[in-house]
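Have a look at the structure below before the remarks.
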Amino acid sequence: MAKRIAIGNNKGGAKKSTTAVRLAEALAKLGKRVGVVEMDPQGNASRRLGWKDDPENPQLTTSEAIEANAEGVASQVWQPIGWQAEYASRITVMPARYTLEDRATEAGQRGAYRRLAKALKGADDHLDYVLIDCPPSLGHLTQMALAAADHAFASTEPEHDSVEAAVRYRDFVAASGEDLANPNLNFAGLVVSGYDMRLAAHVGQLGGVRDIFGDQLWGVVPRRALITNADEYALPLSEVADSGEVRAVFELLGQRFIKEFAA
Ligand SMILES: Nc1ncnc2c1ncn2[C@@H]1O[C@H](COP(=O)(O)OP(=O)(O)O)[C@@H](O)[C@H]1O
Ligand SMILES: [Mg+2]
């Protein structure tokens, strides 16, 4: 059975989607089979993985999987990603479009918070890891992700509002396990991403993150334009010039994942 990890932060721009996408890439390079579940109606992770929405020929998405309210239905929604890299065949995506927003209004229906868990049941046994990319809120979509996850993981920029929002996500996870019928859910760790050591604010906030999270800080990803560009053009890092340092950073994070979340 796959280990499911919900990647969140109660703020946009905190590098959640980049963390999900690049971690999936690193884990696939390390030989693991990875599913990325898009739980953000913005669909950024899906697009960056090269998945294309075709309005003429609509594909099934996370939205339909949740709406179906049926065990294992996610097995019909996994799709290949659009990258050409050799290891891309080990990554599969459950994509989403803005229509995922419609699921948020179903929060009041009986058991609605368990619908992603239900959809994934038995539908991720062929994978080693499932990374669930959360929206920036702590509302229903994130709660469905947390109800389905074994662990929660955060990303944050080294800036005050983002760190504060990572703490909110951590505390929300700690308080929600029982309520989401997922009592073993735990907050495992976080990555600081977009770090620029020339900025005093970033140096100060990185120190603050170390104080607050201790050894739950699993990695620091530097701010690099090539990451923005890779995301912008939906490219794997293997196709981006001079990406060796960045690939090494994500592969180290991937190794930590494999060690902590033995699949
Ligand atoms: N380490 C990094 N260095 C530079 N840009 C980054 C880095 N990580 C992410 N980005 C860029 O920052 C922006 C916000 O990241 P994103 O993953 O979309 O955040 P979130 O999903 O939390 O809203 C995106 O344009 C992304 O490409
Ligand atoms: Mg995002």
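The values are calculated or read from the model by the stated rules, or taken from the named source; none is laboratory data. Owing to the predicted nature of the structure, the values given are computational and were not obtained by experimental measurement. All Cβ positions, even for glycine, are placed from backbone atoms using ideal geometry, and neighbour counts span all protein chains on display. These accessible areas exclude ligands, DNA and RNA; they are computed on the full protein's heavy atoms, side chains included. Shrake-Rupley method; radii C 1.70, N 1.55, O 1.52, S 1.80 Å.
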Counted residues in segment 176-201 being open to solvent by less than 70 Å² (accessible area, probe 1.4 Å) and assigned to a helix (DSSP H, G or I) come to 2
Result of the Cβ filter at 7 Å on segment 206-218, keeping first residues that are over 17 Å from V249 (Cα atoms) and partners that are among the hydrophobic types (A, V, I, L, M, F, W, C) and open to solvent by less than 80 Å² (accessible area, probe 1.4 Å), at least 6 apart or interchain, is G208/V163; V209/V163; V209/V192; V209/L217; R210/L217; I212/V167; F213/L190
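If we keep just the residues of segment 17-39 that are within 12 Å of ligand 1 (Cβ to nearest atom) and open to solvent by 10 Å² or more (accessible area, probe 1.4 Å), which is nearest to V77 (Cα to Cα)?
Top of the filtered list is S17.
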In segment 152-169, anything within 26 Å of D102 (Cα to Cα) and open to solvent by 10 Å² or more (accessible area, probe 1.4 Å) is listed as R168
The lone condition K11 fails out of (1) within 16 Å of ligand 1 (Cβ to nearest atom); (2) surrounded by fewer than 20 Cβ atoms within 10 Å (Cβ to Cβ) is (2)
Subset of segment 70-124, residues open to solvent by 60 Å² or more (accessible area, probe 1.4 Å) and aromatic (F, W, Y), comes to Y98, Y113
Of those in segment 219-259 that are touching a residue at least 40 places away in the same chain (Cβ under 8 Å) and aromatic (F, W, Y), the residue nearest to ligand 1 (Cβ to nearest atom) is F250
Being modelled with pLDDT of 95 or more, farther than 23 Å from P135 by Cβ and either touching an Asp or Glu at 6+ places or on another chain (Cβ under 9 Å) or part of a loop (DSSP other than H, G, I, E, B) (or both) narrows E56, E71, E67 down to just E71
For segment 24-48, pairs from a residue that is more than 18 Å from Y233 (Cα to Cα) and in a strand (DSSP E or B) to a residue that is near ligand 2 (Cβ under 10 Å from one of its atoms) and modelled with pLDDT of 95 or more, with Cβ under 8 Å and 6 or more apart or across chains, are V36/A20; V36/V21; V36/A45; V36/D133; V37/D133; E38/A45; E38/D133
If you go through G204, G214, the only one that is at positive phi, more than 16 Å from ligand 2 (Cβ to nearest atom), surrounded by fewer than 18 Cβ atoms within 10 Å (Cβ to Cβ) and part of a helix (DSSP H, G or I) is G214
